[in-house]
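Scroll down for the structure; my scribbles are underneath it.
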């Protein structure tokens, strides 16, 4: 009985033309992401959607995420190379940076960090340090953290400048050198 039903459906040209038309519409709507050559007949495999790679995060975002990952791991000597030249001068040398860069408290755990937005600016003035920079990336980073049983999320704005070898972060020492101002 089932075989007879499928034989009748195969003869019914409306079903096959509907399937062909549906495949064409999907291929157009999904910008060619759907394969239209899926075989023929009533038992043909459904169209497959090809894996589309996610776009990579912009270079400044990747740089900032690496900087913070190194910070959470306490790898301050590697972080030094990621500082903008201006920030390096303000720290007074890599030994000062490694010694005085604020550590995350042991009771604080970063659960997740995401780049909420990236804005590329032709120029930006850091009013706190009285400096103007060209070709700056302003990022809003979103951090999810845990302190014992309490979890919360906060946003933080950071700036990176373009250098010949990539993006560098503007992580300056504070006047009291008790926290990082960026």
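The values are calculated or read from the model by the stated rules, or taken from the named source; none is laboratory data. Computed from a predicted model, the values in this text were never measured in an experiment. Cβ sites come from the backbone with ideal geometry, for glycine too, and all protein chains shown count toward neighbours.
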Query raised in the report: Across segment 97-111, which residue is farthest from the chain's Cα centre (by Cα) among those that are surrounded by 12 or more Cβ atoms within 10 Å (Cβ to Cβ) and over 20 Å from residue 60 (Cβ atoms)?
Result: 100
Report summary line: Residue hits (segment 77-122; part of a helix (DSSP H, G or I), closer than 14 Å to residue 172 by Cα and touching a helix residue (DSSP H, G or I) at 6+ places or on another chain (Cβ under 6 Å)) are 79, 80, 91, 94, 97, 98
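Conditions tested, residue by residue: (1) free of Cβ contacts under 8 Å to residues at least 24 places away in the same chain; (2) surrounded by 15 or more Cβ atoms within 10 Å (Cβ to Cβ); (3) assigned by TED's automatic domain parsing to the domain that holds residue 167.
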| position | (1), (2), (3) |
| --- | --- |
| 65 | no, yes, yes |
| 72 | no, no, yes |
| 76 | no, yes, yes |
| 89 | yes, no, yes |
| 95 | yes, no, yes |
| 113 | no, yes, yes |
| 137 | no, yes, yes |
| 150 | yes, no, yes |
Query raised in the report: Within segment 145-156, is even one residue assigned to a loop (DSSP other than H, G, I, E, B) and either in contact with a helix residue (DSSP H, G or I) (Cβ under 7 Å, 6 or more places away or on another chain) or modelled with pLDDT under 95 (or both)?
Result: yes
